[in-house]
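This report refers to the structure that appears directly beneath it.
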Amino acid sequence: MSERLTRDDVVYVAHLARLDLDAAEIDLFTEQLASILDHAADVAALDIADVPPTAHPLPLVNVLRDDEVTPSLDRDEVLAQAPAVQDHRFRVPRILGEAQ
Amino acid sequence: MTALDIAASVRSGERSAVEVVEEHLARIAASESDIHAFNLVMGEQARAAAAAVDARVSAGEEAGPLAGVPVALKDNLCTRGVPTTCSSKILEGWVPPYDATVVTRLIKAGAVPVGKTNLDEFAMGSSTENSAFGPTKNPRDPRRVPGGSSGGSAAAVAAGFAPLAVGSDTGGSIRQPAAFCGVVGVKPTYGAVSRYGLIAFASSLDQIGPFAHTVADAALLLEVMGGHDPADSTSIAEPAASLSASLTEGVNGLRIGIVTELSGRGIAPDVAARLGEAVAVLTAAGAEVDEVSVPAAIHGLPAYYLIAPAECSSNLARYDGVRYGLRVDGPDVEAMNGATREAGFGAEVKRRIMLGTYALSAGYYDAYYGKAQKVRTLIIRDFGAAYAEFDLLLSPTAPTTAFELGAKTADPYSMYLSDVCTIPSNLAGHPAMSVPFGTGDDGLPVGVQVLAPALGEPTMFRAAAVLEGAMNERGAA
Amino acid sequence: MSGAPPGWELVVGLEVHVELGTATKLFCGCPNQFGDEPNTNVCPVCLGLPGSLPVLNRRAVELAMCIGLALHCEVRPSQFHRKNYFYPDMPKDYQVSQYDEPINVDGYLDLADGHRVGIERAHMEEDTGKTTHMGGGGRIHDADFSLVDYNRAGVPLVEIVSRPDIRTVDQARSYVGELRAILLAVEASDAKMEEGSMRVDANVSLNRPGDPWGTRCEIKNLNSVRSLGRAIEFEARRQAEVLEAGGSVAQETRHWNEEDGRTHSMRSKEEAFDYRYFPEPDLVRLDPSAGWIEQVGSALPTLPAERRAALAEACGVSAGDVALVVERDLDSLVAGAVAEGADPRRALTHAEHNLPVESATDLPFGAEGFAALVKMETAGDLTATQAKQVLAEMAVSGGSPAEIAAAKGFEAMGTGELESVVDQIIADHPDEWSRFCDGEDKLQGLFVGAVMKATGGNADGGEVTALLRARRGR
Ligand SMILES: [Mg+2]
Ligand SMILES: [Zn+2]
């Protein structure tokens, strides 16, 4: 991790995260994130190739439920929370990108 | 009056639950405006819940172990029909259509929820200053922070608004505010309390736990909330451990290790002095106390600040303006998403989403997130080695007493440092609790942290009870 | 049909998403039900409401294992990951999917003609909701706005990824057909492309013989086996034109448009997809025991490829020759008849062409009756046409072929009798006969038809043709 986080990195990440940061925030975060990542440099530099990762503190496996129907929510209650609704569906502005 | 005493008097009919809740609502009305512990005081719902408990009592039904006990809920726990905000503008006005499992269990146990407490937005912070609705003040000194992120819950107990409160702890968010406000706070073993209905910050670290004035009350609340829940895949299969029974067993013969890495460098001298006194108390009670090294603990803080933001960046993606909460319109869906999230999240949440997105993004995963997960393995190994020799570990809960409002808001990393002692337990999934143990030179509370291996809560509570007993004697003397 | 333009080799790999036929969704108890009122089958979990948590459906895991085992995969310990990207049909703005540790790896699927297509993986994931584009032209890019229904969000999917072992359009079609037959056989899915419970994406590239593989394009929006074939052909031609003009193929996703018969670049802003996969912390690992896998495997029915092999062996023909009969579930009927001494070719022909497709599995007669019919035909007691009619009656009423033939007054015509009818017809059509003799072959139909008419259908068409040819040759 020799290269420090750049302003371009912050712009790219802000887009991935769907945050319309303003210019001042981009500048501030470029500085702050770089500084936080400097503290992470010790971790990044550790030579622990042979150590397995721990994604989870519990050693549980195979937690499963039976394939049995449980009650769904009331549609009116669900849609009442939505910013925009039409024809019992959630309305969103037009979509430019593609589904994956 | 303790929760145990309240519940006993309500169950026996000596006091009514309504009377108890009115007394607490009156206290809230008198000083909540100075403290701002709550995002929402649930006055009417609380009165109705209390009346329901009284009806159970007069009908001769079992009213539950928390009969009539007011309890404050951190505002990241879903409550059916009651707004739940995470202290974020992005969820302002959202009304969950369901209760968190712990809320269901509390109500079943006869508890009376009195309000939703303030927190750092989405539980990200250590001072409750990152709330979209303004900071909570420390009841011991309103110029000071209550700690965070469960600052509202800690303050609610400290101010006498409720004898019990529920919080969540991802890197110290129960224990550090408990220490700052002078109350007991417990982070249980990961998986001991269901997370269903807890609005996620970092899923592999989040755990719900109790705040109380006394160790016995904290044990009671944890017993009520804990135990297997089929709605949470990461819930431990066993029923909740029995804690109350072991509280009087003492520490005679227990081996207790002081964690070198969490107790020396960076710890304020007055806090270190209280830790030394705690050691003396435990030794006098028959424990063997010695120093022990947990070398990987020094990597806990940086590893945490890679893992927690990474998980948060994914957990908070759903706040996109489509299904609930805030929407800021835009010409297309991507613009709407970006404008909504920009307007709805505060600075610390954005910072962590950015950090986590970066840590997971192509080309950096191995260096950051992947490495941090390996550090987690090292921390678990090193704790494992320590627990081969010791039953419990000990450290301060936080490096200092409560700091002043605004003291650390400009420098995120200095704020992060206040969780340096608490984070390793979250990374390992182990239980730990903070017990009030005297005051610092500034007269503010100091907390001592007792750490235990996974499912070691019964032993952990024994040591906590001994420390509490010593404090009570001191107070009585 | 190969589909490869002249001078090029076609390389195709297919990714097939299949909705599993469970009662409930992958991580919650909402009904997994197509066609319900919008947003009625939703709960905190599949709506991604704050605080909700997933719990894995055991039946979905078992069906995924069924698919893996039927495709000869190794069933392995697996882990769910989060695939992070924003899209309004995804309630959590991440998809829970399996990434580097899928449940099924390294299998294969044998096509009816014997060609083997490798299976790289068959992993579990959740489906998205359904978006309807409104206003404008009703298509995604020119719509004014979109409406989202989350009934489908969280429905269990298995994504089956083939190796790039497919070389012709026919193989691609046959792969999908065979996969569908397997999914139906193991009852993992209803596999309806038209309802979207089976969705196919194709990775297509071209290379010169001997050269390494070319750059591939992923073709989406293929709603039928027919569009799959057309899209691959179009895409191969398009890539060949680009390459032959000295250009290079851009690696991209292209949308098939059924109306104009072309693939179109999605023109999305070139965001290199950065999905930020990481292990799903709300779920634990899946590590099926050997006993569980064994139990699932032992409940699997005999698969189409094995059934084809068995029937082909019984009939002494190639596996390709019995594909349709197996597909129609008529293999046990044919095999039974052959065991009773029926002529395999004739039995196969009848099963393939002369039985109603819908009722194949509950015919009112068995192998014995079927064998009796075939034997009557072989013995010359019935002509092919008569046998067909008797079989049709058997399919409706059951009954013995001998009785039905008698009731219909069928008796096969002797060759001498038939010869005299043929000669009479020739005499009746002198002009046509001389043109036929001069090589106008299409007139053969006229003569066969006239003989059939004159004999009331009792003549054997093959025999009539042979007699006509013999007379012309004189
Ligand atoms: Mg997929
Ligand atoms: Zn659901």
Return the pairs, sorted by first residue and then second, in which the second residue is assigned to a helix (DSSP H, G or I), the first residue lies in the stretch C:166-178 and is among the basic types (Lys, Arg), the beta carbons are less than 8 Å apart, and the residues are 6+ apart or on different chains.
C:Arg173/C:Val225; C:Arg173/C:Leu228; C:Arg173/C:Gly229
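Residues are listed down the side, and each one gets a yes or a no for (1) within 14 Å of another protein chain (Cβ to nearest Cβ); (2) β-branched (Val, Ile, Thr); (3) under 28 Å from C:Leu179 (Cα atoms); (4) in contact with an Asp or Glu (Cβ under 9 Å, 6 or more places away or on another chain):
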| residue | (1), (2), (3), (4) |
| --- | --- |
| C:Glu235 | no, no, yes, no |
| C:Gly246 | no, no, no, no |
| C:His255 | yes, no, yes, yes |
| C:Tyr275 | yes, no, no, no |
| C:Leu283 | yes, no, no, no |
| C:Glu294 | no, no, yes, no |
| C:Pro301 | no, no, yes, yes |
| C:Cys315 | no, no, yes, yes |
Scan the stretch C:93-103 and tell me whether some residue there is within 16 Å of ligand 2 (Cβ to nearest atom), open to solvent by 10 Å² or more (accessible area, probe 1.4 Å) and modelled with pLDDT of 95 or more.
yes
Is the stretch B:437-444 home to any residue that is crowded, with 24+ Cβ neighbours inside 10 Å and within 19 Å of B:Thr400 (Cβ to Cβ)?
yes
In the stretch B:270-295, anything of a type outside the set (A, V, I, L, M, F, W, C) and free of Cβ contacts under 8 Å to residues at least 12 places away in the same chain is listed as B:Gly276, B:Thr283
Within the stretch B:385-412, residues open to solvent by 40 Å² or more (accessible area, probe 1.4 Å) and assigned to a helix (DSSP H, G or I) come out as B:Ala385, B:Ala388, B:Glu389
Give me the pairs, please: first residue somewhere in the stretch A:13-33 and of a type in the set (Phe, Trp, Tyr), second residue anywhere and crowded, with 19+ Cβ neighbours inside 10 Å and part of a helix (DSSP H, G or I), beta-carbon distance under 6 Å, and either six or more positions apart or on two chains.
A:Phe29/A:Val10; A:Phe29/B:Met354
Of the candidates C:Pro156, C:Pro209, the one satisfying the condition of being in contact with a Lys or Arg (Cβ under 7 Å, 6 or more places away or on another chain) and either more than 16 Å from ligand 2 (Cβ to nearest atom) or within 14 Å of another protein chain (Cβ to nearest Cβ) (or both) is C:Pro156
If you scan the stretch B:225-242, which residues turn out to be touching a strand residue (DSSP E or B) at 6+ places or on another chain (Cβ under 9 Å) and away from chain A (no Cβ under 12 Å)?
B:Met225, B:Gly226, B:Gly227, B:Pro239, B:Ala240, B:Ala241
Any chance the stretch B:413-420 includes a residue that's assigned to a helix (DSSP H, G or I), of a type in the set (Asp, Glu) and more than 10 Å from every other protein chain (Cβ to nearest Cβ)?
yes
Looking at (1) touching a Leu at 6+ places or on another chain (Cβ under 9 Å); (2) away from ligand 2 (no atom under 16 Å from the Cβ); (3) within 14 Å of another protein chain (Cβ to nearest Cβ), which is the one condition that is false for C:Leu71?
(3)
I'd like the full set of residues that are open to solvent by 30 Å² or more (accessible area, probe 1.4 Å) and hydrophobic (A, V, I, L, M, F, W, C), limited to the stretch B:20-46.
B:Ala26, B:Ala29, B:Ala30, B:Leu40, B:Val41
When C:Phe34 is run through (1) within 16 Å of ligand 2 (Cβ to nearest atom); (2) in a loop (DSSP other than H, G, I, E, B); (3) closer than 28 Å to C:Arg285 by Cβ; (4) away from chain A (no Cβ under 11 Å), the failure sits at (3)
Test of understanding: among B:Ala335, B:Ala317, B:Ala362, which residue is buried (at least 20 other Cβ atoms within 10 Å of the Cβ) and at the interface with another protein chain (Cβ under 8 Å from one of its Cβ atoms)?
B:Ala317
Taking the residues in the stretch C:1-18 that are within 16 Å of ligand 1 (Cβ to nearest atom) and away from chain A (no Cβ under 14 Å) as candidates, determine which candidate is nearest to C:Leu283 (Cα to Cα).
C:Val18
Being over 14 Å from the mean Cα position of the chain (by Cα) and of a type outside the set (Val, Ile, Thr) is the requirement here; does C:Gly210 meet it?
yes
Give the residue, chosen from C:Arg285, C:Arg276, that is touching a residue at least 12 places away in the same chain (Cβ under 8 Å) and in contact with a Pro (Cβ under 7 Å, 6 or more places away or on another chain).
C:Arg285
What number of residues within the stretch C:8-33 are farther than 25 Å from C:Ser162 by Cα and touching a residue at least 12 places away in the same chain (Cβ under 8 Å)?
9
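Results for (1) in contact with an Asp or Glu (Cβ under 8 Å, 6 or more places away or on another chain); (2) among the polar types (S, T, N, Q); (3) open to solvent by 10 Å² or more (accessible area, probe 1.4 Å), shown as yes or no for each residue.
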residue	(1), (2), (3)
B:Ala272	no, no, yes
B:Asp290	no, no, yes
B:Ile307	no, no, no
B:Ala310	no, no, no
B:Thr340	yes, yes, no
B:Ala372	no, no, no
Only residues that are of a type in the set (A, V, I, L, M, F, W, C) and either more than 16 Å from ligand 1 (Cβ to nearest atom) or in a loop (DSSP other than H, G, I, E, B) (or both): list them for the stretch C:80-127, please.
C:Phe86, C:Met90, C:Ile103, C:Leu109, C:Leu111, C:Ala112, C:Val117
Would you check if there is a residue in the stretch C:39-52 being of a type in the set (Val, Ile, Thr), more than 8 Å from every other protein chain (Cβ to nearest Cβ) and either in contact with a His (Cβ under 6 Å, 6 or more places away or on another chain) or surrounded by 21 or more Cβ atoms within 10 Å (Cβ to Cβ) (or both)?
yes
Test result for C:Glu419, touching a residue at least 24 places away in the same chain (Cβ under 8 Å), out of contact with any Phe, Trp or Tyr (no Cβ under 8 Å at 6 or more places or on another chain) and outside any helix (DSSP H, G or I):
no
Residue that is modelled with the highest pLDDT [pool: residues in the stretch B:71-92 that are more than 19 Å from B:Ala48 (Cβ to Cβ), within 13 Å of another protein chain (Cβ to nearest Cβ) and open to solvent by 10 Å² or more (accessible area, probe 1.4 Å)]
B:Thr85
Take B:Val95 and decide whether it is in contact with a Gly (Cβ under 9 Å, 6 or more places away or on another chain), farther than 23 Å from B:Thr2 by Cα and surrounded by fewer than 24 Cβ atoms within 10 Å (Cβ to Cβ).
yes
Residue identified as in contact with a helix residue (DSSP H, G or I) (Cβ under 9 Å, 6 or more places away or on another chain), under 24 Å from C:Arg346 (Cβ atoms) and open to solvent by less than 20 Å² (accessible area, probe 1.4 Å) among C:Ala405, C:Ala384
C:Ala405
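The values are calculated or read from the model by the stated rules, or taken from the named source; none is laboratory data. Note that this is a predicted model, so its numbers are computed, not measured. Here the Cβ is made from the backbone with ideal geometry for all residues, glycine too, and neighbour counts use every protein chain on show. Each accessible area value is taken on the protein alone, full model and side chains, heavy atoms only, with ligands, DNA and RNA left out. Shrake-Rupley method; radii C 1.70, N 1.55, O 1.52, S 1.80 Å.
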